[in-house]
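Student: Before we start, here is the structure in question, set down as structure tokens.
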Amino acid sequence: MDKIIIFDTTMRDGELMPGVKFNLQQKISIAKLLEEIGVDVIEVGYPGNSFSDFEQVLEISKIIDNSTICGLAGAKEEEINSLIEALKPAKRSRIHTYNNLNLKGKNKVRLEQELESIRNSVSLARKNCEEVEWSAFDAPRSEADFLCKAIETAIKSGATTINIPDSLGLTSSKEFSQLLQMIFNRVSNIDKAVISVHCHNDLGQAVENSLVSLNCGARQIECAINGLGARKGNADLKSVVQEIANLENYQIDINTSLISEASDLVTQIVNNYHRLN
Ligand SMILES: CC(C)[C@@](O)(CC(=O)O)C(=O)O
């Protein structure tokens with residue numbers, strides 16, 4: 001049975017949904033529940049974006065023992081260094097960084113610059129952290145040869161997880177599985193990293209796209225409590241976990257009975273935020 005890694009982004013991508021904002025105390029409560037639920041990786045914030053996210057990653061890194069604490073950083077030295085600092089107290093930590101690969105029509109020099117940016121940021125991250133996740137932002141709209149080259153470069157530079165996001169949420173499940181199959185067929189060192197997916201729900205397909213990815217070989221799914229996330233959200237944690245629990249070939253280590261509590265907590269926080277703002 002293959003273990004499926006559950007990565008929660010309620011507190012990072014979730015905050016990109018209009019009207020969703022968590023303070024430190026609220027993130028601490030959510031993180032503790034996610035740890036109890038058994039979520040493998042908790043993405044807490046984007047320290048390069050704001051000091052409050054830095055503080056949240058730092059404080060949550062001090063108190064969570066059983067889940068990996070993750071933060072997002074753009075492919076810039078300052079952002080990665082600030083994330084390294086915030087993750088220092090964590091027992092298990094992961095740096096998540098990304099590049100925008102939708103560079104259709106750009107010349108060779110520009111493409112080479114982006115590959116160089118991947119080499120620099122991923123190797124800096126890997127020097128400081130055993131787990132490095134690299135995301136191919138806007139993968140479905142990127143040029144296939146360049147996408148494959150970029151993934152290969154990220155793995156060579158030390159990425160341990162490669163995340164394929166449907167960043168705009170416009171990809172059907174058939175198109176998404178074709179994209180993943182293409183990546184598995186063409187990237188020569190693909191077996192050296194865990195492949196992850198991060199699906200948006202613009203067409204109501206985030207859970208379905210996440211599940212079809214398992215057949216293609218993905219072993220990590222990114223999701224959020226109540227499906228929070230940019231625009232129409234990400235794949236809903238509860239639906240993803242329940243669906244995988246019903247499949248025979250995959251194993252997840254999740255305490256499903258606590259998910260409703262997490263869902264109620266997040267609903268309450270978001271409702272209060274709306275009342276007060
Ligand atoms: C970082 C990446 C996985 C992203 O979340 C990008 C982002 O949130 O800016 C996406 O949906 O493509």
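Student: Could you check how much of the accessible area of the stretch 2-276 is carbon and sulfur, as a whole percent, using a 1.4 Å probe?
Tutor: Looking at the stretch 2-276 in its full context, I get 47 percent from C and S.
Student: Still on this structure, I have one more. Taking a ≥ b ≥ c as the square roots of the Cα gyration tensor eigenvalues, with a/c under 1.5 meaning rounded and otherwise prolate when a/b beats b/c, else oblate, which class fits the stretch 19-131?
Tutor: In terms of gyration-tensor shape, prolate.
Student: Also: Once both labels are modelled 7 Å past Cα along the beta-carbon direction, what's the L203-K91 spacing in nm?
Tutor: With each label point 7 Å from Cα toward Cβ, the separation is 4.2 nm.
Student: Rounded to the nearest angstrom and ordered from largest down, what semi-axes does the equivalent ellipsoid of the stretch 2-276 get from its C-alpha gyration tensor (root of 5λ)?
Tutor: The answer is 27, 22, 17 Å, longest axis first.
Student: Also, quick follow-up: Which of rounded, prolate or oblate describes the stretch 2-52 when judged by the alpha-carbon gyration tensor and an a/c cut-off of 1.5?
Tutor: prolate
Student: Suppose we keep just the DSSP beta bridges with both residues in the chain; what percent of those would be antiparallel, to 5?
Tutor: Here the antiparallel bridges make up roughly 5 percent for the chain.
Student: Would you work out the relative contact order for the stretch 2-276, in percent, from Cα pairs under 8 angstrom that are 6 or more residues apart?
Tutor: The value is 21 percent.
Student: Quick check: the distance between the Cα centres of the stretch 17-31 and the stretch 182-227, to the nearest angstrom?
Tutor: Between the Cα centres of the stretch 17-31 and the stretch 182-227 lies a distance of 25 Å.
Student: To continue, here is another question. Which pairs in the list K106/K149; K21/K62; K149/K192; K62/K91; K76/K104 are over 18 Å apart, alpha-carbon to alpha-carbon?
Tutor: Numbers: K106/K149 15 Å; K21/K62 21 Å; K149/K192 15 Å; K62/K91 8 Å; K76/K104 22 Å.
In this structure, K21/K62; K76/K104 exceed 18 Å between Cα atoms.
Student: Which value, in Å², gives the accessible area per residue of the stretch 2-276 when a 1.4 Å probe is used on the protein heavy atoms?
Tutor: On the way: 11750 Å² over 275 residues.
Result: 43 Å² of accessible area for each residue.
Student: Each label point is 7 Å from the Cα along the Cα-to-Cβ direction; what then is the distance between the points at T267 and E143, in nm?
Tutor: 4.8
Student: Any chance you could list the semi-axes, whole Å, largest first, of the equivalent ellipsoid that the Cα gyration tensor gives for the stretch 208-277, using √(5λ)? Walk me through the intermediate numbers first.
Tutor: On the way: eigenvalues 145, 43, 10 Å².
The answer is 27, 15, 7 Å, longest axis first.
Student: Here is a further query. Once you sort the root eigenvalues of the Cα gyration tensor of the stretch 130-184 as a ≥ b ≥ c, which label holds: rounded (a/c under 1.5), prolate (a/b larger than b/c) or oblate (the other case)?
Tutor: Prolate is the answer for the stretch 130-184, as a/c is 1.5 or above and a/b outweighs b/c.
Student: How much length is gained on full extension from A245 to L276, taking 0.36 nm per residue of separation minus their Cα-Cα distance?
Tutor: My answer for the length gained is 7.3 nm.
Student: Between Q25 and M1, what length in nm is gained on full extension when 0.36 nm per residue of separation is reduced by their alpha carbon distance? Can you show the working numbers first?
Tutor: Details: separation 24, 0.36 × 24 = 8.64 nm, distance 3.75 nm.
4.9 nm is the gain from fully extending Q25 to M1.
Student: While we're here: Compute the relative contact order of the stretch 93-196 as a whole-number percentage, counting only Cα pairs closer than 8 Å that sit 6 or more residues apart in sequence. Could you put the intermediate results ahead of the total?
Tutor: Values: 162 pairs, mean separation 31.2, N = 104.
After rounding, I find 30 percent.
Student: Please list the non-local residues whose amide H lies under 5 Å from the amide H of D40, H modeled 1.01 Å from N, same-chain partners needing a gap of 5 or more.
Tutor: Here I6 satisfy the definition.
Student: Tell me, what is a quarter of the convex hull surface for the C-alpha atoms of the stretch 113-221, in nm² with one decimal?
Tutor: Taking a quarter of the hull surface, the average projection is 6.1 nm².
The values are calculated or read from the model by the stated rules, or taken from the named source; none is laboratory data. The shown structure was predicted, so the numbers you read here are calculated from the model rather than taken from an experiment. Please note: Cβ atoms are built from the backbone with ideal geometry, for glycine as well, and neighbour counts cover all protein chains shown. Each accessible area value is taken on the protein alone, full model and side chains, heavy atoms only, with ligands, DNA and RNA left out. Shrake-Rupley method; radii C 1.70, N 1.55, O 1.52, S 1.80 Å.
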